[in-house]
Amino acid sequence: MKQKVFSTGMKISAVILAYVYIWHSMMGFRWPSLYVMSNHIVTSKFGFIPRTFVSSIAEIFVGEYIYKRKFLYILILTVCFVFILYILYNIVVEVAVKEKTLYFFVFLTLALSPYAKYYIHEAGYFEQYGYVFGIILIAFVRKKDWKTTCLLSSVFSFISVMISETNLFLIVPFMFSIVLLEIIGGGMIRSFIENLPDCLHLIYQP
């Protein structure tokens with residue numbers, strides 16, 4: 001009986017949590033400004049200019065559509081809402097289905113924080129591409145070992161900095177924090193410490 005009540009409570013909590021997150025996010029929503037759209041139409045064909053990585057790659061696949069406002073709306077809002085949908089998906093899976101209390105408090109903190117409004121308010125800023133790489137990395141963490149995670153973190157960090165130099169201070173620490181947590185959680189540090197005396201003995205033995 002208690003388990004059934006707890007299970008029902010977690011499902012109701014997940015619904016409320018998802019609603020709060022969506023509500024707080026949309027309170028800060030604004031359509032992409034002319035400023036952020038103008039950042040997406042300058043490509044490397046004009047010479048080496050910072051922050052042209054995204055537009056240069058997009059131009060290869062979509063050509064002249066990169067200069068159309070409707071396409072830029074679709075591109076920017078897709079990147080923006082991928083992150084939000086990822087959060088909502090995990091609220092459903094981790095809170096409603098798997099009934100993990102810790103995840104409930106983690107997502108509650110995110111939903112009530114100023115970041116929920118800030119993220120959607122700054123739709124189109126290049127830092128959002130870095131956050132999308134971040135959730136891809138988190139998805140890989142669940143399935144791959146720490147070495148693969150470290151490699152992907154390095155690659156994604158490099159691409160993020162190519163997209164915008166400000167990602168060096170925002171996204172790169174985020175990426176390598178994921179790797180550090182994976183190493184600690186995987187017991188690599190504990191294993192290294194435990195085997196350190198044997199390694200030193202082999203190195204310095206007479």
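A few notes on this one:
- Yes/no for L137 being outside the structural domain of L17 (by the TED database), buried (at least 16 other Cβ atoms within 10 Å of the Cβ), part of a helix (DSSP H, G or I) and touching a residue at least 12 places away in the same chain (Cβ under 8 Å): yes
- Among the residues making up segment 127-160, those that are touching a Gly at 6+ places or on another chain (Cβ under 9 Å) and closer than 22 Å to V36 by Cβ are F156, I159, S160.
- Residue check, Y19 under 30 Å from Y89 (Cα atoms), among the hydroxyl-bearing types (S, T, Y) and open to solvent by 90 Å² or more (accessible area, probe 1.4 Å): yes
- Screening Y73 against (1) out of contact with any helix residue (DSSP H, G or I) (no Cβ under 6 Å at 6 or more places or on another chain); (2) not in a helix (DSSP H, G or I) leaves a single unmet condition, (2).
- For F105, the criteria (1) under 26 Å from M27 (Cα atoms); (2) among the hydrophobic types (A, V, I, L, M, F, W, C); (3) open to solvent by less than 60 Å² (accessible area, probe 1.4 Å); (4) part of a helix (DSSP H, G or I) hold in every case but one, which is (3).
- Residues of segment 77-102 that are of a type in the set (S, T, Y) and exposed (fewer than 14 other Cβ atoms within 10 Å of the Cβ): T78, Y89, T101.
- Selection of segment 39-56 for residues being surrounded by 12 or more Cβ atoms within 10 Å (Cβ to Cβ) and assigned to a helix (DSSP H, G or I) yields N39, S44, F53, V54, S55, S56.
The values are calculated or read from the model by the stated rules, or taken from the named source; none is laboratory data. Predicted model only: the values in this text are computed from it and were never measured. When we count neighbours, we look across all protein chains shown, and the Cβ atoms used for this are built from the backbone with ideal geometry, even at glycine. All accessible areas refer to the heavy atoms of the entire protein, side chains included, with ligands and DNA or RNA removed. Shrake-Rupley method; radii C 1.70, N 1.55, O 1.52, S 1.80 Å.
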